[in-house]
Amino acid sequence: MASLSCSSLADDSARAQQPSATEHSEPSKSYFPKRGQSLELVCESLAFKGKGLCKVADTGFVVMCDRALPGERFIGRVTRKKGNYAEVSKVKTISPHWDFVDAPCEYASYCGGCKTQNLSYEAQLRAKEQQVCDLVIHVGKFSTEELESLNVMKPIVPCDIQFHYRNKMEFSFGSQEWLPRGSLSEKQDSNGSYALGLHAPGFFDKVLNVNKCLLQSEPANMVLAAIQECWRDPQLGLSAYDVHSHAGFLKHLVLRTGRDVKTGLPELMVNFVTSSYKPGLMKPLVEKILSIPEVVSVMNNVNTSIGNTSVGEEEYTLYGKPSITEILRGLTFQISANSFFQTNTKQAEVLYRLIEDCAGLRGDGSEIVLDLFCGTGTIGLTLARKVRHVYGYEVVAQAIADACLNAKLNGINNATFVQGDLNKIDESFGNNFPKPDIVITDPNRPGMHMKLIKFLLKLKAPCIVYVSCNPATCARDLDYLCHGVREKNIKGCYTLKRLQPVDMFPHTPHIECICLLELC
């Protein structure tokens with residue numbers, strides 16, 4: 001990777017992010033395009049979430065366009081104005097973007113999963129690294145000189161495997177197949193109105209029929225193809241759930257890939273999510289997929305609610321065992337149909353090694369680790385054998401149960417996992433564990449609640465390792481922890497020592513970051 005250089009586009013990109021650092025005033029002479037108006041635009045860079053950042057000629061007014069890539073000249077139609085920028089939809093490409101490559105997936109132009117598949121991987125990495133840099137400067141309020149002179153910002157860590165890296169994919173059954181305009185609808189063989197695939201971007205009720213996904217394992221694709229062959233057969237009496245009428249039987253198909261602990265060979269869990277429990281109806285589908293040797297578990301989650309979730313109120317084992325296993329950093333983890341596990345196992349190995357490096361363990365097994373938003377305990381458990389004790393907190397009860405099970409499975413006795421909502425802590429939080437030497441926090445996309453920020457500033461642990469899946473909220477929280485919140489009379493007490501982006505999900509806009517904070 002080339003050395004980091006924060007571009008002049010950083011201001012524009014950061015203004016278009018959420019959350020914003022401050023409210024910017026709009027230039028008095030800016031040109032505000034109207035809704036429905038068509039503009040000729042050139043994409044200058046990628047902003048967070050993978051949207052293309054463009055400027056209106058002569059005025060510099062910022063517009064954002066989904067699926068526009070750097071260097072691409074195109075016609076865009078204004079869909080809406082949002083504060084100090086507008087959103088446009090791409091109507092026609094005039095000339096292609098820089099670093100163009102042919103997308104290997106036939107669904108890449110229509111599916112919402114791999115928006116940058118036709119951008120070279122090297123260019124994807126540059127864009128992601130730049131986005132993190134822009135956000136930590138303009139939302140986190142760290143100066144470029146500070147980042148460069150102290151060598152804080154590290155080059156992004158690439159993912160060695162760019163396809164077939166996901167160990168979990170969730171497909172939806174739809175009562176109406178969505179056929180986008182263009183070449184895909186001409187190529188597709190229509191098998192009636194029912195669909196099994198992925199949701200069209202921005203729609204909860206439109207399903208793009210998918211016969212193969214290049215992000216999941218080959219055995220999982222074999223299962224998907226086998227089900228696609230037969231499930232629409234009228235003689236089977238199966239129906240797709242309709243999200244409007246709430247009628248129909250099949251809701252989701254969730255495929256999870258793990259590894260047999262003894263042989264290291266892949267093993268597959270197939271989870272059918274249905275609106276009711278009718279094992280007789282499921283029997284032909286189960287028999288069909290059992291011809292695939294990697295299938296060791298077939299589950300049925302029954303979800304009777306009108307919602308679109310894939311988690312059922314009841315769970316039944318239709319074949320085999322109720323869980324599969326995976327190996328991560330020498331530990332064995334049991335994965336049930338609804339348990340959380342890192343989606344990219346191989347890159348999770350890299351991520352967890354970097355977390356341990358940031359933690360800077362002394363090697364004498366003396367440290368106390370506080371693991372916030374611990375999920376199923378994977379991070380804490382990979383550190384447990386090298387520290388004195390790990391205390392993990394997580395709001396999801398099933399995740400805590402899985403964490404305790406995983407600790408027992410691996411013979412780890414120095415880890416305590418507690419269910420609790422870290423967004424609702426009070427003054428008593430912290431009374432049930434000793435002062436930690438290391439805090440690891442891995443919040444979900446909204447980042448940390450101010451109550452937790454205040455607790456950490458009062459706790460003053462020597463080291464915080466902040467793991468984030470959302471660089472925007474991460475940058476905001478780094479600002480609070482390091483610089484404080486002046487309007488609330490809160491003083492920061494940490495120094496940002498290292499910021500390491502990691503690409504966990506190639507061809508998508510998602511970025512993972514590991515941040516090392518040390519007490520001033």
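Below are the figures for this structure:
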item: Partner aspartates and glutamates for Lys451 [C-alpha distance under 19 Å; skip if fewer than 8 residues away on the same chain]; result: Asp371, Glu394, Asp421, Asp426, Glu427, Asp442, Asp477, Asp479, Glu487
item: Helix runs (DSSP H) in the chain reaching 24 Å along axis by Cα, Kyte-Doolittle at least 1.6; result: none
item: Trypsin sites (Lys or Arg not before Pro) restricted to the stretch 206-284 and DSSP loop, no more than 16 other C-beta within 10 Å; result: Lys212, Lys262
item: Distance violations [Cα-Cα > 28 Å] among Lys55/Lys128; Lys49/Lys346; Lys49/Lys460; result: Lys49/Lys460
item: Ser38 versus Leu265: modelled label distance in nm, points set 7 Å from Cα along the beta carbon direction; result: 5.8
item: Linear extension gain, Asn308 paired with His483, 0.36 nm per residue minus alpha-carbon span; result: 58.9 nm
item: Pairs from Lys115/Lys206; Lys168/Lys288; Lys262/Lys408; Lys82/Lys424 whose Cα-Cα separation, in the structure shown, is over 23 Å; result: Lys82/Lys424
item: Inter-probe distance in nm under a simple model that places probes 7 Å from Cα toward Cβ, at Phe100 and Asn431; result: 6.6
item: Fraction of antiparallel bridges per DSSP, the chain only, in percent to nearest 5; result: 70
item: The chain - charge dipole about Cα centre, Lys and Arg +1 at Cβ, Asp and Glu -1, debye rounded to 20; result: 720
item: For the stretch 347-393: rounded, prolate or oblate by the Cα gyration tensor [a/c cutoff 1.5]; result: oblate
item: Where the chain is the region considered: accessible area per residue in Å², 1.4 Å probe; result: 44
item: Reference-scaled alpha-carbon Rg (2.2 N^0.38 Å with N residues) for the chain; result: 1.02
item: The stretch 256-387: C-alpha gyration tensor shape, a/c 1.5 cut-off, then a/b vs b/c; result: prolate
item: Amide H partners (placed H, <5 Å) of Val502, local residues excluded; result: Val157, Glu512, Cys513, Ile514
item: Segment Glu122-Arg77, extension gain: residue separation times 0.36 nm, minus the distance between their alpha carbons; result: 13.3 nm
item: Relative packing of 466-472, 481-487, which averages over residues the other C-beta atoms within 10 Å, highest first; result: 466-472, 481-487
item: With every protein chain in place, the chain: carbon and sulfur % of accessible area (1.4 Å); result: 50
item: Calculated from backbone phi, Karplus (6.51, -1.76, 1.60) coupling profile of the stretch 99-106 in Hz, x at Gly/Pro; result: 6, 5, 9, 6, 6, x, 8, 5
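The values are calculated or read from the model by the stated rules, or taken from the named source; none is laboratory data. Just so you know, these numbers come straight off a predicted model, no measurement behind them. Virtual Cβ from ideal backbone geometry, glycine too; neighbours counted across all protein chains shown. The protein model used for the area step is the full one, side chains on, heavy atoms only, and it has no ligands, DNA or RNA in it. Shrake-Rupley method; radii C 1.70, N 1.55, O 1.52, S 1.80 Å.
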